[in-house]
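A short worksheet on the structure shown next.
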């Protein structure tokens, strides 16, 4: 009898371990989705659905875990496919830009409209960081940075809002949340 109780206790997975594995899964999903480009610009920048897992993890587990996952993804992107020219690009275009999706963690529970607005706000912050990085890179040419970044950010935001809407409307986010 003693061995059964000990075996049963050893098979329990702590909630912290489950959370770490969940975050690692969402980072891996975001990384794979970042490699699946819907379209890419010749000078860099592409439309992907990589932000959807970051938004979901932020909504389900809160802004702190969304921020951690986004920073990990940004650093992973630097090491695997980043084209770093200056410090501003290394900091603003990767970890901080992805970290903008942690804003979704402040979304009220089970509100589809709020989720879409928060997703758009996160994209606005991400785009602002990219524009500022481009402004520094192009030596103060704000128009070039705006044109370049809006060309792929707006379609990506639209596609990601549709994907997040479909996930929230289906109730999948809140089913994940209930599984905690």
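Coordinate-derived values only; no laboratory data. Bear in mind the structure is a predicted one, so any value in this text is a computation, not a measurement. With ideal geometry, Cβ positions are generated from the backbone for all residues, glycine too; neighbour counts draw on all protein chains shown.
Of note:
- Most mobile listed residue (134, 44, 66) in the chain, GNM with C-alpha springs under 10 Å: 44
- log₁₀ of I(q)/I(0) at q = 0.09 Å⁻¹ - the chain, Debye sum with one point per alpha carbon: -0.35
- Difference of contour (0.36 nm per residue) and Cα-Cα distance, residue 83 to residue 144: 20.1 nm
- Estimated FRET transfer efficiency (residue 151, residue 14; beta-carbon r; R0 35 Å; 0.05): 0.15
- If the segment from residue 21 to residue 117 were pulled out straight at 0.36 nm per residue, it would be longer than the present Cα-Cα gap by 31.7 nm.
- Spatially, segment 65-138 and segment 11-50 are offset by 13 Å when compared through their Cα centroids.
- Here the residues 43, 120, ranked from fewest to most Cβ neighbours within 10 Å of their Cβ, fall in the order 43, 120.
- With Cα atoms, 0 to 90° folded angle of helix 142-170 axis to the chain main axis: 30
- For the chain, the longest principal axis of the alpha carbon atoms and the long axis of helix 112-137 meet at an angle near 50°.
- Under the criterion of Cα pairs below 8 Å and six or more residues apart, the relative contact order for the chain equals 21 percent.
- Order of 130, 61, 83 - criterion: other Cβ atoms within 10 Å of each residue's Cβ, fewest first: 83, 61, 130
- Counting neighbouring Cβ atoms within 10 Å and putting the fewest first, the residues 78, 59 line up as 78, 59.
- When the chain is treated as a GNM with alpha-carbon contacts under 10 Å, the residue of 81, 58, 145 showing the greatest mean-square fluctuation is 81.
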